[in-house]
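Contents: one structure, followed by commentary.
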Amino acid sequence: MKYPLPERIGEPELLAGREKEFALFHKWIERIPRRLSKSRVILARRKSGKTAFIQRIFNQLWSENGKVIPFFFEIAEEKKWFLDFAIKYYRTFATQYISFMERDSTLVTMPMDLQAIKSWGKSRSHSYIVNDVDIILRAKQENLYGQIWEIAYTAPERFAAAFDLRFIVIIDEFQNITEYIYRDQACDTAKDKTLAGSFHGVSESKIAPMLVTGSYVGWLVGVLDEYLEAGRLKRFFMNPYLTPDEGLQAVFKYSEYYEEPVTSETAIQINQLCQSDPFFISCVIESDFEGKDLTTRKGVVDTVNYEISDKRSEMSMTWAEYIELTLKRVNDINAKKILLHMSKHAEREWTPRELKDLLGLDIEVKEIHQKLRTLVKADLLTEGNSDIDFQGLRDGTLYLVLRSRFEKEISSFEPDLKKDFHKELDRLARDKKALQGKLNNLVGKVAEYQLATDFRSRKRFPVSRYFKGVADSTVLNIIDVKLRVKFQRPDGKEMEIDVMAKSDCSRIILVEVKKTKEKIGFKAVQDFMEKSNVYAEQWPDMIVIPAFLSTGGFTDEALKFCRDNSIGTATTVSSYIL
């Protein structure tokens, strides 16, 4: 797969989990060629992974070169003159369309200018593109900027209708269109808050449906309700949290790529305290905390506490954008009490009267109601089933940040988050069987990461701890572990070893990892044997110990071959909880 659109997550492998979400949207995309898919909106707070998600969808569709052509456009938080915005939108669409048709990945991030787009159109006898550019250039001279914008935002649907194509129009941070586009060139006074209404008609398209996102849920919902009413965009609320297994997968991946050591046990601890929040996990793994040591329980607790409590940490600063923006409008002890209480008890709805009585608020019910609505608009609370019902966000990360910031002011004592974290890990540690089960369930997804982590954290061990049928019983002292080690055969063919672990006694473990449900056959183990032999020939001073990890098991023929050639075999990572 190619990645013509650079993904914000960085290394593509770092995108962990989201299996259910991808399955849902792939099904939606599969129906687009048959005109059965309705435009959708993904609603989620910042740092929940939605941008990485839609960027991956773009890259998947571009790489597949199938029936659906992706178009990706981000509306940034920067002031833009209406004319510049309109032309940029069209240039981006036309260039990405051309890149898809020509299979030129470099064009995705390098929008062509209008003349280059027109030249391409002439060379391909594409009268629509030539005509569009002529209209845009003429309208620009005549100051008919609205006409340019109409050419731009209708382009995907017009092209789809004219050439029997299918597009998906992906717009990231759609709510920004009401805040950052100006009719005056200086971008000082004439802000256009109605521009979202342009999509009123095209959002109903079944040949070029839209997929838009927004980080400020209350703001975006307000925009949709006002300008794209009647449910034109089906709403999907993306949970910022992964499943527990996916979160653990993220810990192992981030640890590997950022070269921050963890153990199998501390990986589970990090995932538990970070509540399987991938952004929270990444903050902990990348933390600048001076005493960071993610190989011990104390080190994990101290680092998680720093990310929550220290206002200079990435985690804390990210949430500050939400909280401080709101408290400029509702900056009083009552609002903080309400917010902290409702975040703690987010499993139920609350009325203004209930909050007044329970919290002893010395203000009128009407004023409490107004504060609640302000907190809803700021995406810190949600509305309930009735006009007087409100509910806290089911966001454990938010609750931890709120406790760190406001609990002392409200309750006159400093929250001891470290103590609470240790209590939580005590509860986790009581069931060691469940802990081992978490690791065993994960092996089919990140076996190579988990194995490398175990090799690093165990240090001294015989290979037989992990693999059966190993002839060498030497206890190894591991000094280096690497993933995806590439080397060349004498004829130039490139080969790759999934996991390599080097000992200080000139022994080296070479591991092939296959994560399939089916049993591995003779051909696969024979190919691995060739790789091991080539590697041994190139490094004759090393004693090579070959091993094969297949989560789906081995056929009888493959297993016999491994035994006859002293290739260690395993179907799971035999790690253990200390």
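Could you please give the count of residues in region 485-542 that are out of contact with any helix residue (DSSP H, G or I) (no Cβ under 6 Å at 6 or more places or on another chain) and part of a helix (DSSP H, G or I)? Summing the residues that are out of contact with any helix residue (DSSP H, G or I) (no Cβ under 6 Å at 6 or more places or on another chain) and part of a helix (DSSP H, G or I) in region 485-542 gives 15.
Of all the criteria given as (1) in a loop (DSSP other than H, G, I, E, B); (2) touching an Asp or Glu at 6+ places or on another chain (Cβ under 7 Å), the one not satisfied by residue 260 is (2). Kindly indicate the residue of region 408-422 that is over 23 Å from residue 300 (Cα atoms) and not aromatic (Phe, Trp, Tyr) and also modelled with the highest pLDDT among those meeting that condition. In this case the residue turns out to be 408. Could you figure out which of (1) touching a residue at least 60 places away in the same chain (Cβ under 8 Å); (2) buried (at least 20 other Cβ atoms within 10 Å of the Cβ); (3) touching a strand residue (DSSP E or B) at 6+ places or on another chain (Cβ under 6 Å) isn't true of residue 192? Every condition holds for residue 192 apart from (2).
All of 61, 5 fail the test of being closer than 29 Å to residue 128 by Cα, part of a loop (DSSP other than H, G, I, E, B), within 19 Å of the chain's Cα centre (by Cα) and in contact (Cβ under 8 Å) with a residue 12 or more places away in the chain, apart from 5. Between 258, 254, which is buried (at least 18 other Cβ atoms within 10 Å of the Cβ), among the hydroxyl-bearing types (Ser, Thr, Tyr) and not assigned by TED's automatic domain parsing to the domain that holds residue 375? The unique qualifying residue is 254. Among the helices (runs of 4 or more DSSP H) confined to region 114-169, the ones with at least 1 residues that are of a type in the set (Asp, Glu) and surrounded by fewer than 20 Cβ atoms within 10 Å (Cβ to Cβ) are located at 127-141, 145-163. When residue 292 is tested against (1) within 24 Å of residue 437 (Cα to Cα); (2) surrounded by fewer than 23 Cβ atoms within 10 Å (Cβ to Cβ), just one condition goes unmet, and that condition is (1).
For every residue, the table says whether it meets (1) among the acidic types (Asp, Glu); (2) surrounded by 18 or more Cβ atoms within 10 Å (Cβ to Cβ).
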| position | (1), (2) |
| --- | --- |
| 1 | no, no |
| 4 | no, yes |
| 9 | no, yes |
| 29 | no, yes |
| 35 | no, no |
| 47 | no, yes |
| 55 | no, yes |
| 64 | yes, no |
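Taken over region 344-376, the residue count meeting the criterion of being of a type in the set (Lys, Arg) and either farther than 30 Å from residue 318 by Cβ or buried (at least 18 other Cβ atoms within 10 Å of the Cβ) (or both) is 4.
The values are calculated or read from the model by the stated rules, or taken from the named source; none is laboratory data. A quick note: this is a predicted structure, and the numbers were derived from the prediction, not measured. Ideal geometry is used to build each Cβ from the backbone, glycine not excepted, and the neighbour counts take in all protein chains shown.
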